Amino acid sequence: MTELEVNGARQRVAAHPDTPLLYVLRNELGLVGTRFGCGNGQCGACFVLIDGRAMASCDTPLSFVIGKRITTIEGLEGEHAVQKALVKHQAAQCGYCMSGIVMSAVSLLSKNSKPAESEVREALDRNLCRCGSHNRVVRAILDAR
Ligand code: FES
Ligand code: FES
């Protein structure tokens, strides 16, 4: 068994240490707000915060996160200013990419509370959105500052 800290709580999981964190979150812990997109670190759908930094959980092995703080979309409880701004701006279409985008934005704002638009766009560079809602997402994040 491996002990993890997820959303402020201690969890024990049975997965092999090489298992991608994404599978552990979704299949063992039921935290399905973190999405499987490309599965190889290219799309951002699976981003979670690891010690406050937005990272792909699909290509991060369980062994890497032992002793680190993991935050998933569920850990924000819909209360983060970024989430409220995305709703206010009706920024999501299908929403599939959105939990990963939220994580990138939360990570950015935790380090830089007043990012310029260019900094927001750079922070979201690794988050793909097939619906093309990027401009509304950027406006929402600027509003959340
Ligand atoms: S599913 Fe992890 S980056 Fe695409
Ligand atoms: S809102 Fe559909 S993929 Fe982004």
* Taking the Cα atoms of segment 77-143, what is the range of coordinates along each of the three principal axes, in descending order and whole Å? -> 28, 24, 17
* Going out from 0 in 10 Å bins, what whole percent of all Cα-Cα distances in the chain drops into each bin? -> 13, 45, 32, 11, 1
* **Positive-end residue, the chain charge dipole about Cα centroid, Cβ charges, pick of Gly8, Cys46, Val106** => Val106
* What does the charge dipole of segment 46-105 about its Cα centre add up to, to the nearest 20 debye, if the Cβ of each Lys and Arg holds +1 and the Cβ of each Asp and Glu holds -1? -> 140 debye
* So how compact is segment 3-58: Cα radius of gyration and Dmax in angstrom? -> 10.8, 29
* Could you work out the longest stretch of the chain that avoids the GluC sites (Glu not before Pro) located in DSSP loops with at most 11 other Cβ atoms within 10 Å? => 1-76
* In whole percent, what relative contact order does the chain give with Cα contacts below 8 Å and a gap of six or more residues? -> 24 percent
* To do: Based on other C-beta atoms within 10 Å, arrange Val137, Val32, Val13 from fewest to most.
  => Val32, Val13, Val137
* Structure fact -> Percent antiparallel among DSSP beta bridges confined to the chain, rounded to 5, stands at 85 percent
* Asked: Using the Karplus equation 6.51 cos²θ - 1.76 cosθ + 1.60 (θ = phi - 60°), what ³J(HN,Hα) coupling, rounded to whole Hz, does each residue of segment 133-142 give in order, writing x for Gly and Pro?
  -> 8, 3, 5, 5, 4, 4, 4, 5, 5, 4
* **Efficiency of FRET from Cβ geometry, Arg69 and Arg130, R₀ 22 Å, rounded to 0.05** => 0.15
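Any read-out appearing in this document is the output of simple, stated calculations on the displayed coordinates, not a laboratory observation. As the structure is a prediction and not an experimental result, all values here were calculated from the model. Neighbour counts are summed over all protein chains in view; Cβ atoms, including those assigned to glycine, are modelled from backbone coordinates with ideal geometry.
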